[in-house]
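K.L.:
This is the structure, below, for whatever I ask next.
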Amino acid sequence: MKKNLLLLTAFIASFWVSGQNIFERYADNDEVTLVSISPKMFKMLGQMSLSLDDPEAQEYLDMVTSINNFKVLVSSNQSISDDMLKWVKQQVSKQDLDELMSIKDQEADVTFYVKEGKKEDYVEQLLMYVNERVQSGSGNINLNINGREIKAVLMLLEGNIDLNKISKLTDQMDLPGGNQLRKAQQKKSL
């Protein structure tokens, strides 16, 4: 009986973990950095009084208010990185996301997936996964492959997102993958 109860508990726990959002799963993990901005925060930003005479401020406000969900997860732990990649593959399948672009170079392996929006150059969902390779010797003790540390980054954006403007947001937040996002936007525009 104890063996059956243990098996049942393990079975239920595996469903709970696999159904749990990866951002929630690692929210309290010291080996990750999590940035999560709720829809309420975007609504508050949209209600801020900015100088509407400044076209750049208006453009930023329009961009921010079009986002419903923004989450970023960063880790140098290989098992977490593997889990992030597994989650991305599940989301691509479940959400029927299209690969927008894949970049593999000396700095990083980056893949962008999107769910097309109702207008051209707009997406409802943007999912970016980065395996960034950083030169060793930075003082951090991380996984090394051929003398390079691996840093995984997962970014999820949801809303009515204009790809022409979103790279500005990643630049302002100094997030990895901003350059690749600009390249992806340029490729989509072609």
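K.L.:
If R0 is 22 Å, what FRET efficiency do you get for K118 and N69 from their C-beta distance, rounded to 0.05?
P.N.:
The pair K118/N69 has a calculated efficiency of 0.80.
K.L.:
Arrange the following residues from fewest to most other Cβ atoms within 10 Å of their Cβ: E99, E124.
P.N.:
E99, E124
K.L.:
Sum up the charges of everything whose Cβ sits under 12 Å from the Cβ of E158, counting Lys and Arg as +1 and Asp and Glu as -1, but leave E158 out.
P.N.:
On the way: positive: K71, K115; negative: E124.
Residues close to E158 contribute a combined charge of +1.
K.L.:
Now a separate question. How much FRET efficiency would the formula 1/(1 + (r/R0)^6) give for D109 and Q58, where r is the Cβ-Cβ distance and R0 is 41 Å, rounded to 0.05?
P.N.:
Calculated transfer efficiency: 0.70.
Laboratory data are not the source of any read-out in this text; all were calculated from the coordinates shown. Quantities reported herein were computed from a predicted structural model and do not represent experimental measurements. Reconstructed Cβ throughout: ideal geometry from the backbone, glycine too, with neighbour counts over all protein chains shown.
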